[in-house]
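For reference, the structure discussed in these notes is given below.
The values are calculated or read from the model by the stated rules, or taken from the named source; none is laboratory data. As the structure is a prediction and not an experimental result, all values here were calculated from the model. Don't worry about glycine lacking a Cβ; one is built from the backbone with ideal geometry, like all the others, and counts go over all protein chains shown. These accessible areas exclude ligands, DNA and RNA; they are computed on the full protein's heavy atoms, side chains included. Shrake-Rupley method; radii C 1.70, N 1.55, O 1.52, S 1.80 Å.
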Amino acid sequence: MAEKTSLLPEPLSADSLHQDCDISQLDFPTTEALEDLGDVVGQERGLEAIRFAAAIDRPGYNLFVLGPPGTGKHTSVRQILKAKAAGEPAPPDWVYLHNFETPHQPKALCLPRGQGRILEAEMRGLVEELRTAVPAAFESEDYRNRRQSLEDAAREQQERAFQALREKAEAQDIAVVRTPLGFALAPTKDGAVVDPQAFGKLPEQERRRIEGQIQELQGELEAIVKRIPVWAMEQRDALRTLNREIMAQTIDQPLNRLKQRFSELPEVLAHLNAVRQDLLDHLHMLLQIEASAQNPGMGGAQMIGPRAGDALKRYRVNLFASQVWGDGEATGAPVIYEDNPTLQNLIGRVEHISEMGALTTDFTLIKAGALHRANGGYLILDIRKLLTQPFAWDALKRALKAGKLRIESAGQMLSLITTVSIEPAEIPLKAKIVLCGEPLLYYLLSSHDPEFSTLFKVAADFDGSMPRDGGAELIFARMLATMARREGLRALDRGAVGRMIERSARMAQDKERMSIELSAISDLVQEADFFAGEAGDTVISARHVEAAIDAQIRRADRLRERSYEMIERGFVFLDTEGAVVGQVNGLSVLQLGTFSFGRPSRITARVRLGAGKVVDIEREVDLGGPLHSKGVLILSAYLASHFALDRPLSLSASLVFEQSYGGVDGDSASSAELYALLSALAEIPIKQGLAVTGSVNQNGQVQTIGGVNEKIEGFFDICKRRGLTGAQGVLIPASNKKHLMLRREVVEAVRDGRFSIYPIETIDQGIALLTGKPAGQRDRHGRFPEGSVNGLVEDRLADFADARRRFGAPREVAGRTEQGDV
């Protein structure tokens with residue numbers, strides 16, 4: 001096996017670098033002949049999970065849809081949920097009513113679908129009717145006559161009492177006199193009041209007789225005066241009874257009409273009874289409101305308390321949540337998507353209005369949130385948007401755990417606000433919550449939030465690609481046809497579909513799979529349609545798709561062009577010809593938004609005697625990521641296990657990406673670093689016309705890496721700028737052959753022998769190709785062939801070990817023996 005893998009690999013053929021789409025297998029002239037695709041393509045596992053979560057009616061079986069952006073997560077969820085919701089009953093209406101017993105705690109009332117809107121309209125009509133009917137009743141002739149009768153009766157009662165006293169006093173020659181200080185009694189003679197001087201001249205016996213009579217009459221007068229407030233109170237009670245009777249006659253007819261309409265809803269009837277009682281208890285308020293409304297100049301000065309309109313609000317209905325609005329009819333359960341899931345948009349809010357510098361509120365200012373609108377149905381949220389809103393995630397979990405919706409502000413949740421406000425009654429929650437987001441957030445929540453797994457028990461995992469075969473390519477074509485019709489675009493011919501399939505495979509970085517990132521594919525179809533329109537064509541062809549691809553790259557590749565220019569002008573050192581010891585061209589990928597490109601870099605290695613440590617300069621200055629550092633540490637293990645097995649590893653080596661200023665991560669350069677290290681140890685130059693990518697394990701096997709197409713094309717572009725010589729090429733892991741979907745330009749250069757791509761399985765293959773010398777295999781005595789790369793490396797490491805042993809041997813220094821050290 002070792003001898004087989006050490007053989008130099010043959011360069012890949014041009015046909016293996018790009019998997020063309022066989023458009024002869026696409027049996028249609030244009031996509032206009034294809035049927036629409038019902039489900040999102042290539043997501044059978046995810047669609048199955050969505051249907052399961054929608055069907056199961058158990059606590060905690062909410063859904064998290066995870067997958068790469070643009071894979072149709074939202075589209076799939078909405079289609080499936082709307083189809084299921086259409087066959088489910090619409091949820092009931094919820095209204096908030098004034099609580100006459102505890103006004104700061106409005107009551108929540110659940111009503112059959114559509115009844116909330118009817119009740120709200122009827123109560124609004126009742127309020128308007130009261131505004132005119134009540135004042136009219138108290139201005140009627142009948143009411144005025146009955147009130148006048150009460151007043152006359154009270155006045156006559158007082159008059160009779162005083163008249164009886166007056167007649168008794170006159171019989172005794174005493175008069176009842178009204179003074180500014182009240183009533184008084186005075187003696188009379190011949191009908192005239194006796195003045196005090198004349199009274200004093202009367203005989204003493206006469207005076208005493210008169211004073212005794214006055215004193216007796218005074219007692220009766222005081223008794224009458226004391227009864228005056230009682231008579232007034234009795235008059236007010238009689239008037240209040242009259243007013244309640246008139247009010248009852250006025251309101252009972254419309255209220256009874258409402259009671260008949262809602263006779264099957266006991267809670268509504270109870271509320272109407274409470275409304276009637278409150279109207280009777282606050283009759284004076286209604287009359288005062290009407291008076292201030294008719295004479296606002298006086299009413300503003302006389303009224304103390306709420307404005308006229310506010311006092312009547314208590315009898316209205318706040319239609320809080322309903323699936324029936326206007327003349328429409330609710331069809332099925334609601335499917336709600338909340339694009340801005342703030343705390344208030346999620347669980348509702350209590351609004352306030354400013355009046356005379358103060359903030360006031362009432363039950364009519366309670367507003368529903370997305371959870372209320374989706375109650376009885378489904379709510380779709382973006383998890384990233386939800387997590388970035390303060391307190392929204394905790395509020396959602398609290399509502400799901402409790403099964404109830406409680407409206408409260410962030411200040412109330414944190415006990416930061418003590419202002420008196422209303423406390424709306426809780427509403428039961430029965431809704432299926434669907435979260436959509438990238439896999440990273442799903443796994444982070446699963447790991448760090450202990451409540452997450454109990455509340456979201458179903459995960460729908462969407463893939464970013466699908467297998468590429470004949471049947472799948474036809475399904476992909478139907479997906480393109482569906483996109484074109486939905487967006488009003490031109491149809492695609494077979495060539496355009498084939499080019500879209502090839503581009504999709506390139507996006508998937510796999511010739512045997514196709515990307516199903518629908519947003520990117522849709523964008524490309526729309527842009528190809530634009531170029532078809534510019535050319536005046538009625539059908540999108542392959543050249544229009546190619547023009548759209550080129551335009552996308554052109555718009556995004558300014559930094560790539562600038563980077564390559566820096567290399568071409570010699571500001572960034574990179575050799576593409578010749579051979580240098582301890583120096584190799586490594587390949588990396590830069591990601592800029594949705595655009596990525598390969599960037600060649602010079603990697604150098606230097607070795608000397610040491611304690612067996614390979615220094616990663618990138619890591620030492622905190623420019624190397626953990627994966628890159630892992631790859632470098634593997635190099636030490638490889639050297640120790642492959643060379644000078646009977647001696648300690650006694651080198652000190654340094655590795656660095658030259659002119660790298662932005663940091664390096666990933667282990668795809670570990671094989672290139674090992675090649676540079678072996679070259680430095682063996683002192684054999686490496687061909688600079690070849691570039692390297694691939695990670696390596698401790699056994700010397702070259703492993704798969706990502707971004708292989710961009711890396712190859714990046715080095716190709718540099719070589720093309722300097723002139724292709726035919727000796728240039730790229731070494732890639734052999735396992736990456738299935739990922740190759742290179743540009744036509746690269747494929748043609750390989751076909752013409754101007755560029756080469758070598759599949760590498762082992763480090764021995766790679767170093768032999770890079771140096772032009774055999775790597776060498778150990779013979780039956782365990783020795784590498786003389787002059788081979790491995791033999792020279794082992795000899796160098798053995799020399800290092802011997803030198804280190806010599807440095808560590810005891811030696812005489814100034815008459816004493818000291819132990820050496822390295």
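For the residues LEU283, LEU489, a 1.4 Å probe over the protein chains yields an accessible-area ranking, largest first, of LEU489, LEU283. Shown are MET233, MET507, MET741, whose ranking by accessible area with a 1.4 Å probe and every protein chain present, most to least, is MET233, MET507, MET741. A 1.4 Å probe run over the chain, with the rest of the protein chains in place, finds 50 Å² accessible per residue. The Cα atoms of the chain cover 167, 93, 49 Å along the three principal axes, with the biggest extent listed first. The distance from the alpha carbon centre of the stretch 83-146 to that of the stretch 32-69 is 43 Å, rounded to a whole number. Using the average count of surrounding beta-carbon atoms within 10 Å as a protection proxy, the listed peptides 558-568, 541-551 rank, highest first, as 541-551, 558-568.
Rg and Dmax of the stretch 471-562, based on Cα coordinates, read 13.0, 43 Å. Measuring with a 1.4 angstrom probe and ignoring ligands and nucleic acids, LYS630 comes out at about 120 Å² accessible. Taken as entire DSSP H runs, the helices of the chain that both span 30 Å or more between Cα atoms along their own long axis and average -0.5 or more on the Kyte-Doolittle scale are 115-138. Between the stretch 705-742 and the stretch 665-684, the alpha-carbon centres lie 18 Å apart. From zero outward in steps of 10 Å, how is the percent of C-alpha pairs of the stretch 557-611 spread across the bins? Each 10 Å bin holds this share of Cα pairs: 19, 43, 25, 10, 3.
Highest-first packing order for the peptide set 170-179, 140-149 is 170-179, 140-149, based on the mean count of other beta carbon atoms within 10 Å. Computed over all pairs of different Cα atoms, the Kirkwood value for the hydrodynamic radius of the stretch 32-189 is 25.4 Å.
Considering only alpha-carbon pairs that sit under 8 angstrom and 6 or more positions apart, the relative contact order computed for the stretch 660-795 is 24 percent. Of the accessible area of the chain, computed with a 1.4 Å probe over protein heavy atoms only, carbon and sulfur atoms account for 51 percent.
Relative contact order of the stretch 691-739, please, whole-number percent, based on alpha carbon pairs below 8 angstrom and at least 6 residues apart. Relative contact order of the stretch 691-739: 50 percent. LYS773: which lysines have alpha carbons under 23 Å from its alpha carbon, excluding same-chain residues fewer than 8 sequence positions away? Partners found: LYS4, LYS687.
For the stretch 489-534, the set of GluC sites (Glu not before Pro) satisfying both a DSSP loop assignment and a count of at most 14 other C-beta atoms within 10 Å is given as GLU512. For the chain, the relative contact order works out to 16 percent when only alpha carbon pairs closer than 8 Å and six or more residues apart are counted. If R0 is 41 Å, what FRET efficiency do you get for GLU565 and ASN697 from their C-beta distance, rounded to 0.05? The value I calculate is 0.65. Legend: residues ASP382, ASP575, sorted from most to least accessible area (1.4 Å probe; ligands, DNA and RNA excluded), read ASP575, ASP382. Modelled this way, with points 7 Å down the Cα-to-C-beta line, the labels at ALA198 and ALA171 are 2.4 nm from one another.
So for the stretch 363-410, considering every pair of alpha-carbon atoms, how many percent are separated by more than 12 Å? That tail contains 69 percent of the Cα-Cα pairs. Which log10 I(q)/I(0) values, to two decimals, does the stretch 117-194 give at q = 0.13, 0.15, 0.20, 0.23 Å⁻¹ under the Debye formula with one point per Cα? Listed by q, the Debye log ratios stand at -0.65, -0.73, -0.91, -1.02.
Computed over the stretch 665-793, the Cα gyration tensor eigenvalues convert (square root of 5λ each) into semi-axes of 27, 16, 12 Å, ordered from largest to smallest.
Cβ-Cβ distance of LYS313 and LEU592, R₀ of 45 Å, FRET efficiency by 1/(1 + (r/R0)^6): the value works out to about 0.20. Cα centroids of the stretch 222-259 and the stretch 542-579: 95 Å apart. Note on the stretch 163-260: Kirkwood radius taken over Cα pairs, Stokes-Einstein applied at 20 °C and 1.002 mPa s, translational D equal to 124 µm² s⁻¹.
Each of ASN273 and LEU474 was given a label point 7 Å from its Cα along the Cα-to-Cβ line. The distance between the two points is 7.1 nm. Restricting the calculation to Cα atoms, the stretch 728-804 shows an Rg/Rh of 1.17 when the hydrodynamic-style radius is the Kirkwood one.
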